[in-house]
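Remarks on the structure that follows.
The values are calculated or read from the model by the stated rules, or taken from the named source; none is laboratory data. Predicted, not measured: the structure shown is a model, and the values here were computed from it. FYI the Cβ positions are ideal-geometry reconstructions off the backbone, even for glycines, and counts take in every protein chain you see. Quick note on the areas: whole protein, heavy atoms, side chains included, nothing else; ligands and nucleic acids left out. Shrake-Rupley method; radii C 1.70, N 1.55, O 1.52, S 1.80 Å.
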Amino acid sequence: MEHKLEELKARLREIYDLEAIAALLDWDQNTYMPAGGVAARMRQIATLRRLIHEKATDVGLGRLLDALRPYEESLPYDSDEASLIRVARRDYERATKVPADFMAQLSAHASASFQAWTEARPAGDFARVQPYLEKTLDLSRQLAEFFPGYEHIADPLIDLQDYGLRTATVRAIFERLREQLLPIVKAVAARPPVDDSCLYQSFPEQQQLAFTVEVVRRLGYDFTRGRQDKSPHPFTTSFSTGDVRITIRVMENALTAALFSSIHEAGHAMYDQGIDTELEGTPLATGASSSVHESQSRLWENIVGRSKSFWSFFYPRLQELFPEQLGDVSLETFYRAINKVKPSPIRIAADELSYNLHILMRFDLELQMLEGRLSVHELPEAWNARMEEDLGITPASDKDGVLQDVHWYGGMIGGMFHGYALGNILSAQFFDAALRAHPEIIEEMESGHFATLLGWLRENIYRHGRKYTTSELVERITGEGLNIEPYIRYLRKKYGELYGIANF
Ligand code: ZN
């Protein structure tokens with residue numbers, strides 16, 4: 001069995017290495033590659049993807065996993081070995097259930113659809129992408145059909161992002177979240193608007209970059225095992241636990257773009273840097289799921305990075321870097337500005353509070369389309385009606401409405417959005433648990449120390465990599481399932497204080 005386990009690890013390491021090489025090509029394409037390299041680079045990545053698919057679906061790998069089943073069952077569930085075999089089998093079963101030619105069709109369609117979207121979006125021309133989106137819906141349904149026995153047609157699509165999570169579970173949680181959120185957002189929106197003009201002055205790029213590096217280094221992002229570069233869309237990518245990189249976008253006339261994208265991505269990156277090195281080179285050397293990963297970027301960006309405690313330490317330093325712009329702006333004014341609630345038609349411009357309503361809406365529309373209750377041509381109208389209902393906004397055109405996100409136009413319909421809102425819910429559950437174990441975390445933040453919090457997150461979440469599913473992890477840590485209460489409590493307290501509202 002030892003011998004078979006070694007063979008399994010060797011096969012998985014090859015897949016891991018090829019994935020890392022593809023990720024490196026992708027990082028390069030998004031940062032420094034000259035425009036002339038696009039065509040060849042896309043071909044090179046496609047070649048790697050084909051090799052990865054061949055190795056991931058090799059019958060020899062399947063036989064090896066079968067042979068290792070008794071060995072796996074003899075080991076404790078959460079041992080490295082049993083977890084490795086379990087997760088590798090899950091990946092293998094998933095990869096082999098979907099025929100290679102279907103995957104090729106899906107990926108070719110995604111490229112064509114993405115191309116159409118890049119033209120349709122600036123023109124606000126939904127009709128241009130409608131036939132593509134109809135096909136995407138059809139292919140998404142077909143993909144689900146490769147996993148028969150589901151309760152809801154979205155289950156297999158959600159499962160690809162958060163293994164084991166059911167549509168019914170997410171839907172019930174989101175319904176309660178919406179019920180709780182709507183009155184809070186409405187009460188806050190009725191208050192006099194906050195003046196956030198201090199954030200929109202001229203902030204030279206070099207100082208902004210220097211400040212973000214200072215901040216994320218202090219939070220615990222390890223620059224000897226990472227680096228920060230610029231890209232049009234911020235992202236985090238990992239080539240090994242020893243090389244986890246982040247990118248950010250800097251805007252000279254808006255201070256928060258670089259700052260919060262840097263903290264957000266560093267949250268993702270600290271997760272990957274914190275994975276046990278014993279898991280290196282295996283499918284366990286990544287995060288538990290997309291929603292748990294997002295919980296970490298949100299925890300660092302919002303719960304830590306937009307807190308008063310955090311800024312009582314960092315704000316004097318920021319004022320030092322920008323004396324003309326911020327010298328006369330008080331901490332209180334700055335804190336209120338970075339937490340300003342102003343419902344926007346655009347998801348990525350949304351504040352912490354109303355952001356979730358954007359996600360819940362997309363999740364519901366995805367389900368309605370998959371269930372056949374909403375056709376693609378009715379989508380823009382349904383989108384605008386829900387925006388009006390939840391946020392009191394009607395987008396000026398489809399450009400700022402149904403066309404704003406790339407997800408449906410470059411991917412699938414189903415499972416694309418729930419992770420963002422679940423990430424928020426989980427971030428509060430995890431932070432609560434960390435505070436219960438270490439109430440001193442808040443005081444430490446006020447003095448610029450984050451090691452206790454990071455240590456707790458590493459011990460309880462990061463080091464395990466992908467050993468546990470979303471539900472297993474949250475139960476291990478909090479002793480309960482997904483629960484919106486800590487998140488709602490956090491929002492009520494924070495925004496109640498900020499906007500002087502005693503009861504929502
Ligand atoms: Zn993220």
Checklist outcome for this item: Taking region 284-300 and keeping only residues that are farther than 22 Å from Phe310 by Cβ and within 11 Å of the ligand (Cβ to nearest atom), one is left with Gly287, Ser290, Ser291
Next on the checklist: Need the failing condition index for Thr286 against (1) in a helix (DSSP H, G or I); (2) under 19 Å from Asp222 (Cβ atoms), just the number.
Outcome noted: (1)
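Just name the residue that is farthest from the ligand (Cβ to nearest atom) out of those in region 413-444 that are small (Gly, Ala, Ser) and assigned to a helix (DSSP H, G or I).
Ala437
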Checklist entry - When region 294-324 is examined, which residues are found to be of a type in the set (Ser, Thr, Tyr) and part of a loop (DSSP other than H, G, I, E, B)? => result Ser307
Checklist entry - In region 216-239, is there at least one residue being in a helix (DSSP H, G or I), surrounded by 15 or more Cβ atoms within 10 Å (Cβ to Cβ), within 16 Å of the ligand (Cβ to nearest atom) and not charged (D, E, K, R)? => result yes
Checklist entry - If you go through region 157-177, how many residues are of a type outside the set (S, T, N, Q), farther than 17 Å from Ser295 by Cα and in contact (Cβ under 8 Å) with a residue 24 or more places away in the chain? => result 6
Checklist entry - Is it true that some residue in region 136-146 is over 25 Å from Val402 (Cα atoms) and not aliphatic (A, V, I, L, M)? => result yes
Item to check | Filter result (open to solvent by less than 50 Å² (accessible area, probe 1.4 Å) and in a loop (DSSP other than H, G, I, E, B)) within region 362-391 | outcome: Leu374, Ser375
Checklist entry - Would you say Glu81 is in contact (Cβ under 8 Å) with a residue 40 or more places away in the chain and farther than 30 Å from Gln404 by Cβ? => result yes
Checklist entry - When you go through Arg11, Arg50 one by one, which is the residue that is part of a helix (DSSP H, G or I) and either hydrophobic (A, V, I, L, M, F, W, C) or surrounded by fewer than 16 Cβ atoms within 10 Å (Cβ to Cβ) (or both)? => result Arg50
Item to check | Residue check for Gln325: open to solvent by 40 Å² or more (accessible area, probe 1.4 Å), modelled with pLDDT of 95 or more and away from the ligand (no atom under 16 Å from the Cβ) | outcome: no
